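As structure tokens, the structure follows; a few thoughts come after it.
The values are calculated or read from the model by the stated rules, or taken from the named source; none is laboratory data. This one's a predicted model, so the numbers in the text were calculated from it and none came from an experiment. A quick note on method: Cβ atoms are made from the backbone with ideal geometry, for glycine too, and the neighbour counts reach across all protein chains shown.
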Amino acid sequence: MSDHLQIKDWGLGLSGHTIIAGPCSAETPEQIEKVCLEMKNQNTVPDIFRAGIWKPRTRPGLFEGIGEEGLTWMEIVRNILNIPITTEVGNAAHVEMALKHKVDVLWVGARTTVNPFAVQEIADALRGVDIPVMVKNPMNPDLQLWLGALERFHKVGINKLAGIHRGFSDSYDKRFRNKPNWSMPIHLKREWPGMQVINDPSHIVGNREGILETAQRAINFGLDGLMIETHHDPDNAWSDAKQQVTPARLKEILSQIDFIDNTVEINPDEHLNDLRNAVDHLDDQLLDILQERFSMIDQIGAYKRERHLTVFQSDRWKYVMESRTKKGVAKNLSEKFMKELLYCIHEESVKRQEKQIREAEPVKKA
Ligand code: PEP
Ligand code: MN
């Protein structure tokens, strides 16, 4: 699955990291002209210009996009900035109009990625078309759904594919509009080696202030570019007014980010090799200890089976969880990590013991 091209190879991402910028929505020809002129005057021309033409709004009654007319204004972008243009498509009719107006790159929004019927409809409309497609993560942190959407495009012959991490809906965490989950883009890259993932800090933070910090984190993790909503007059934008930045602010953000080159292969020197050997040795020890621990677990399982006891004992679990978490935290391991580790080990223990009971001869009643 590694045969797709990278954004830099598409001839689109000119900088080391692909920068995509432009307004949340295309509103008027004047707005498109103003934002392009300001980008040009500020000398902050992105690799790709974004503008939403059809807007998937959570509630009805808000601005739902200008529609096909807005695609005719993309000529203005070409005249002023001479860069490729991307827009969101949500169904086959959008695809048809976007292709008619020569949009260079398409993206699929988070609300569409969750729906395999819609994704398949868009993919079918693209069969035989050579156009790059970027797929935003679904609203919920479901890696299979994200991968599945990318696969649907791959299957119809689209090989210029990228993901966009725009965060996940989480009604409890008010710090973010859509909470980032940095494991997800990394899992995606593990599952599909070579897959490029752009980060969209605008939809993650939902305000202007947090963009720089989130964008920097994305670069630190090794993501491949940024999509930042940019408007000449953000306060009066017709959608996502709170999170859009001016071209001048975009310039500032991009100049403050430390763009760590994610294409550099580590060339291990002696020091790094020594450290890695030490880690290999510790991992061996960790595995020996786990092997020993599970052998004890099996003996306890046999004991429970003989005494006709249930596998899960909540008092014991509570004690294991609390005591180990406390010890772990004292050793500078985070509470979250300790809990996840203990859940993982305990779950495996419980499964092993239940299997022992299931596979053993039934206990004979006296
Ligand atoms: C957008 O990029 O304007 C958009 C609607 O994004 P998302 O699908 O991430 O909500
Ligand atoms: Mn938006």
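In the set Asn178, Asn79, only one residue is under 30 Å from Pro29 (Cβ atoms) and in the same structural domain as Arg208 (by TED's automatic domain parsing); that residue is Asn79. When the test is whether a residue is buried (at least 21 other Cβ atoms within 10 Å of the Cβ) and within 14 Å of ligand 2 (Cβ to nearest atom), Glu27 passes it. Residues in region 189-236 that are among the polar types (S, T, N, Q), within 13 Å of ligand 2 (Cβ to nearest atom) and crowded, with 21+ Cβ neighbours inside 10 Å: Ser202, Thr230.
This table checks each residue for (1) over 22 Å from the mean Cα position of the chain (by Cα); (2) among the hydrophobic types (A, V, I, L, M, F, W, C); (3) within 24 Å of Gln42 (Cβ to Cβ).
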| site | (1), (2), (3) |
| --- | --- |
| Glu213 | no, no, yes |
| Thr230 | no, no, yes |
| Asp235 | yes, no, yes |
| Asp240 | no, no, yes |
| Leu250 | no, yes, yes |
| Ile266 | yes, yes, no |
| Asp274 | yes, no, no |
| Asp283 | yes, no, no |
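Tell me the residue from Arg324, Arg249, Arg305 that is assigned to a helix (DSSP H, G or I), assigned by TED's automatic domain parsing to the domain that holds Glu213 and surrounded by 15 or more Cβ atoms within 10 Å (Cβ to Cβ), please. Walk me through it before giving the result.
Details: Arg324 fails: assigned by TED's automatic domain parsing to the domain that holds Glu213; Arg305 fails: assigned by TED's automatic domain parsing to the domain that holds Glu213.
Of Arg324, Arg249, Arg305, the one residue that is assigned to a helix (DSSP H, G or I), assigned by TED's automatic domain parsing to the domain that holds Glu213 and surrounded by 15 or more Cβ atoms within 10 Å (Cβ to Cβ) is Arg249.
Restricting attention to region 59-84 and to residues that are within 16 Å of ligand 2 (Cβ to nearest atom) and in contact (Cβ under 8 Å) with a residue 40 or more places away in the chain, the residue that is surrounded by the fewest Cβ atoms within 10 Å (Cβ to Cβ) turns out to be Leu62.
The residue pairs whose first member lies in region 183-211 and is part of a loop (DSSP other than H, G, I, E, B), whose second member is within 16 Å of ligand 2 (Cβ to nearest atom) and of a type in the set (S, T, N, Q), and whose beta carbons are closer than 7 Å, counting only pairs six or more residues apart or on different chains, are Gly206/Gln243; Asn207/Gln243; Arg208/Gln243. Check whether at least one residue in region 145-155 is in a loop (DSSP other than H, G, I, E, B), touching a helix residue (DSSP H, G or I) at 6+ places or on another chain (Cβ under 6 Å) and not acidic (Asp, Glu), and report yes or no. The answer is no, given that none of the residues of region 145-155 is in a loop (DSSP other than H, G, I, E, B), touching a helix residue (DSSP H, G or I) at 6+ places or on another chain (Cβ under 6 Å) and not acidic (Asp, Glu).
Kindly indicate whether Met1 is at pLDDT 95 or above and more than 16 Å from ligand 1 (Cβ to nearest atom).
Numbers: at pLDDT 95 or above: no; more than 16 Å from ligand 1 (Cβ to nearest atom): yes.
It is false that Met1 is at pLDDT 95 or above and more than 16 Å from ligand 1 (Cβ to nearest atom).
Can you name every residue in region 154-183 that is touching a strand residue (DSSP E or B) at 6+ places or on another chain (Cβ under 8 Å) and farther than 24 Å from Glu209 by Cα? His154, Ile158, Lys160, Leu161, Ala162, Gly163, listed by residue number.
The set of residues in region 150-188 that are buried (at least 18 other Cβ atoms within 10 Å of the Cβ) and hydrophobic (A, V, I, L, M, F, W, C) comprises Leu150, Phe153, Ile158, Leu161, Ala162, Ile164, Phe168, Phe176, Met184, Leu188.
Any residue in region 220-236 that is of a type in the set (D, E, K, R), assigned to a strand (DSSP E or B), assigned by TED's automatic domain parsing to the domain that holds Thr86 and under 25 Å from Thr28 (Cβ atoms)? Yes, because at least one residue in region 220-236 is of a type in the set (D, E, K, R), assigned to a strand (DSSP E or B), assigned by TED's automatic domain parsing to the domain that holds Thr86 and under 25 Å from Thr28 (Cβ atoms).
The criterion of being surrounded by 20 or more Cβ atoms within 10 Å (Cβ to Cβ), in the same structural domain as Val133 (by TED's automatic domain parsing) and of a type in the set (Gly, Ala, Ser) holds for Gly52.
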